[in-house]
Amino acid sequence: MCGIVGVTGNSDATNILLDGLQQLEYRGYDSAGIYVNDQAGNDFLVKEKGRIADLRAEVSADVKGSTGIGHTRWATHGVPSKVNAHPHVSANGRFFLVHNGVIGNFAQLKEEYLSDVKLVSSTDTEVIVQLIGKFSDEGLSTLDAFKKVIGLVDETSSYSFLLMDKNDADTLYVAKNKSPLLIGVADGFNVVCSDAIAMLNQTHDFIELVDGEIVIVKPDSVKIQKMDGTEVSREPFHVDTDASAAQKGAYPYYMLKEIDEQPGVMRTLVQEYFNEDGSIKIDADLLNALSQADRLYVVAAGTSYHAGLVGKELFEKLAKIPTEVHVASEFAYNPPLLSEKPFFIFLTQSGETADSRQVLTQVNAQGYPSLTITNVKASTLDREATYTLLLHAGPEIAVASTKAYTAQIAVLAILVKAYGEAKGLQAVKEFDLAAELTKVANGMQELVDEKGTVEKVAKEMLETTRNAFYLGRGIDYAVAQEAALKLKEVSYIQTEGFASGELKHGTIALIEEGTPVIAVITNPKTATHTRSNTQEVLARGANVMIISSRGVAQEGDQVVLPDVNPLLSPLLSIVPTQLLAYYASLQRGYDVDKPRNLAKSVTVE
């Protein structure tokens, strides 16, 4: 949610900011703005509702500077508008601030300190910059005013702050709590960003920040200190990702590109996690910690939660360890009764998911071991968990996750394989996962190469419908839930994923003439039952599509999946549903990559 960029010491600051914001469009936003200063007495504030293209249109040729800050806003307090867009400016015209996150006690701060200040926006962010201006007018230095305001923000708040002082225009003041922010070290200048992708055209070397730190960034220096003034030394880490990896290339949308990249991701994971002799490259300490657990707790949100449901099947069926899957936002405030020796697994594409981080904080406080499975190295959940496994999926830009979901399932399978072997389980030893994932990659390629079939079905079934249903049993039910989420989030079709056996317990009342129902059938044990359920909805006028594995396929099934191990079938059965969502959105005329009201990285609770 929201995106921050900043630069100091580069005469091309305006273009760096605009290009950086464009790279952050995937995060979700409704307005944007920049502030630049040329160090010679000229400064410019430009804000606009809408897309970065709309902001660019407002930036005239004279808007130039060597230091500046920029922001894409996803509305939390106040409607999307030009006046609510960041940067916000203090009443004295001296301070400019961009902010990601939510200030929990902004109303109290406004009432206690700013009764004499007229606020122009409806945002919590403006309260912060007005307080900095007020305390500066009372005699505090910029740094001390910044620190004082941060000290007044309550502990429930989340923030990444990037502040500029017009009177010290080559300096950026930075602070964070719960919300991600990085410092980029470039050649002769420095940058700030909420995601490294924003600045890969400027540098590949970044300094991670820790909650509660204050950073003073100048063109030739980065000084990190704690709130008490103690200096902190931290070396940059290097990001190997090529900036071009975050580009669409010849694709019309990122979502389609990322669907097509899934076979390559499977092959990359085999290369990253398997030695030539078939052994798995996973830290022995991690496997030892897992082996001591009596129950696993998978914590995640959205698509990652659905990947966790598949992971539960893998852990329990193959590795014989009880596994629970929990929605992070529910677990954080309503935790279950834990076993004696719990082990926590956090699934997160970004590594910054606020709800999951809230749970991890509690887990760490209780001293329980944890593992983060994420796509982003040096992200918050990577740093704060006991162990980390990376997805190696490359940048995922489309809001609707596709390749990160399948990568999460594949990494979970790899972990299950390594854990089962460490426990000496014969069935796991005989499970040639590297070969199976190669089969999965080949099967995925077959599916993405046959897009035309899915595009045709999408047009026939989904172009004008108001609602739709996905059905499945067992592991197919887990897929049905993720498939439903994909369709609803990009096409806005009201879609639900149901256990097909539950139809007669209420849901079938919603079936009427022409209702689209997509059934996922991959398990021979339940195939007949699910087909019986499709007959029940057909009898009530539903328009049915069946996605089936080759071993249980029947004539007339619209999509037949290549054969893979049944426990890995979700890696294939999800692909046509991703394409259905893509084509349904396209056919309805929507922006596939940027669905309304959604953000890629949910960094506030």
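Quick one: which residue in Glu446, Glu460, Glu512, Glu502 is surrounded by fewer than 16 Cβ atoms within 10 Å (Cβ to Cβ), in a loop (DSSP other than H, G, I, E, B) and not hydroxyl-bearing (Ser, Thr, Tyr)?
Values: Glu446 fails: in a loop (DSSP other than H, G, I, E, B); Glu460 fails: in a loop (DSSP other than H, G, I, E, B); Glu502 fails: in a loop (DSSP other than H, G, I, E, B).
Testing whether each residue is surrounded by fewer than 16 Cβ atoms within 10 Å (Cβ to Cβ), in a loop (DSSP other than H, G, I, E, B) and not hydroxyl-bearing (Ser, Thr, Tyr) leaves just Glu512.
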>> If Leu360 satisfies all but one of (1) in contact with a Lys or Arg (Cβ under 7 Å, 6 or more places away or on another chain); (2) crowded, with 21+ Cβ neighbours inside 10 Å, what's the number of the condition it fails?
In response: (1)
> How about the range 192-249: which strands (runs of 3 or more DSSP E) wholly inside it have at least 1 residues that are in contact (Cβ under 8 Å) with a residue 40 or more places away in the chain and in the same structural domain as Lys377 (by TED's automatic domain parsing)?
Replying inline: none
>> I'd like the full set of residues that are at pLDDT 95 or above and either basic (Lys, Arg) or over 16 Å from the mean Cα position of the chain (by Cα) (or both), limited to the range 364-388.
In response: Asn364, Ala365, Gln366, Gly367, Tyr368, Pro369, Ser370, Leu371, Ala385, Thr386, Tyr387, Thr388
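Output the number of residues of the range 349-402 satisfying the condition of being assigned to a loop (DSSP other than H, G, I, E, B) and among the aliphatic types (A, V, I, L, M). Steps first, please.
Here is the first cut: in the range 349-402, the residues assigned to a loop (DSSP other than H, G, I, E, B) are 349-353, 366-369, 375-379, 385-386, 391-402.
Checking which are among the aliphatic types (A, V, I, L, M) leaves us with 376, 378, 385, 391, 393, 397-400.
So the answer is 9.
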>> Given the options Ala85, Ala61, name the one that is assigned to a loop (DSSP other than H, G, I, E, B), more than 23 Å from the chain's Cα centre (by Cα), at pLDDT below 95 and hydrophobic (A, V, I, L, M, F, W, C).
In response: Ala61
>> Going through Tyr387, Tyr419 one at a time, which residue ends up being of a type in the set (Phe, Trp, Tyr) and buried (at least 21 other Cβ atoms within 10 Å of the Cβ)?
In response: Tyr419
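Scan Thr495, Thr534 and give me the residue that is surrounded by 17 or more Cβ atoms within 10 Å (Cβ to Cβ), outside any helix (DSSP H, G or I) and out of contact with any Gly (no Cβ under 7 Å at 6 or more places or on another chain).
On the way: Thr534 fails: outside any helix (DSSP H, G or I).
Of Thr495, Thr534, the one residue that is surrounded by 17 or more Cβ atoms within 10 Å (Cβ to Cβ), outside any helix (DSSP H, G or I) and out of contact with any Gly (no Cβ under 7 Å at 6 or more places or on another chain) is Thr495.
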> Looking only at residues in the range 268-309 that are more than 22 Å from the chain's Cα centre (by Cα) and in a strand (DSSP E or B), which one is nearest to Lys429 (Cα to Cα)?
Replying inline: Ile280
> Of Gly20, Gly6, which residue is outside any strand (DSSP E or B) and either over 16 Å from Thr123 (Cβ atoms) or not aliphatic (A, V, I, L, M) (or both)?
Replying inline: Gly20
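Could we say that Lys377 is buried (at least 18 other Cβ atoms within 10 Å of the Cβ) and of a type outside the set (A, V, I, L, M, F, W, C) here? If you could, list the steps in order and put the result at the bottom.
Numbers: buried (at least 18 other Cβ atoms within 10 Å of the Cβ): yes; of a type outside the set (A, V, I, L, M, F, W, C): yes.
Taking the combined requirement at face value, the residue satisfies it.
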> Among the residues of the range 266-307, which ones are in contact with a Ser or Thr (Cβ under 8 Å, 6 or more places away or on another chain) and more than 16 Å from Leu415 (Cβ to Cβ)?
Replying inline: Arg267, Asp294, Ala301, Gly302, Thr303
> Can you tell me which of Ser90, Ser121 is in the same structural domain as Thr14 (by TED's automatic domain parsing) and under 29 Å from the mean Cα position of the chain (by Cα)?
Replying inline: Ser121
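Rundown of residues vs (1) touching a His at 6+ places or on another chain (Cβ under 7 Å); (2) surrounded by fewer than 22 Cβ atoms within 10 Å (Cβ to Cβ); (3) among the acidic types (Asp, Glu); (4) assigned to a helix (DSSP H, G or I), yes/no style:
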site: Ala107; (1), (2), (3), (4): no, yes, no, yes
site: Lys118; (1), (2), (3), (4): no, yes, no, no
site: Val127; (1), (2), (3), (4): no, no, no, yes
site: Ile132; (1), (2), (3), (4): no, no, no, yes
site: Ser136; (1), (2), (3), (4): no, yes, no, yes
site: Asp144; (1), (2), (3), (4): no, yes, yes, yes
site: Ile150; (1), (2), (3), (4): no, yes, no, yes
site: Thr156; (1), (2), (3), (4): no, yes, no, no
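So that you can scan it fast, the table gives a plain yes or no per residue for (1) loosely packed, with under 14 Cβ neighbours inside 10 Å; (2) acidic (Asp, Glu); (3) touching a strand residue (DSSP E or B) at 6+ places or on another chain (Cβ under 9 Å); (4) modelled with pLDDT under 95:
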site: Gly212; (1), (2), (3), (4): yes, no, yes, yes
site: Asp242; (1), (2), (3), (4): yes, yes, no, yes
site: Gly249; (1), (2), (3), (4): yes, no, no, yes
site: Met266; (1), (2), (3), (4): no, no, no, no
site: Asp285; (1), (2), (3), (4): yes, yes, yes, no
site: His306; (1), (2), (3), (4): no, no, yes, no
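Out of all the residues in the range 512-536, which are hydrophobic (A, V, I, L, M, F, W, C) and touching a residue at least 40 places away in the same chain (Cβ under 8 Å)? Even if it seems obvious, please write down each step before you answer.
So the first thing to find is which residues in the range 512-536 are hydrophobic (A, V, I, L, M, F, W, C), and the list is 517-521, 527.
Correct list: Val517, Ile518, Ala519, Val520, Ile521.
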>> Being touching a residue at least 40 places away in the same chain (Cβ under 8 Å) and either surrounded by fewer than 24 Cβ atoms within 10 Å (Cβ to Cβ) or not assigned by TED's automatic domain parsing to the domain that holds Arg94 (or both) is the requirement here; does Glu25 meet it?
In response: yes
>> With the requirement that a residue be at pLDDT below 90 and within 21 Å of Leu97 (Cβ to Cβ), what does the range 17-40 give you?
In response: Leu24, Arg27, Gly28, Tyr29, Asp30, Ser31, Gln39
>> Test of understanding: among Gln292, Gln271, which residue is in the same structural domain as Val411 (by TED's automatic domain parsing) and within 26 Å of Gln445 (Cα to Cα)?
In response: Gln271
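The values are calculated or read from the model by the stated rules, or taken from the named source; none is laboratory data. In this text the structure is predicted, and so the values were computed from the model without any measurement. When we count neighbours, we look across all protein chains shown, and the Cβ atoms used for this are built from the backbone with ideal geometry, even at glycine.
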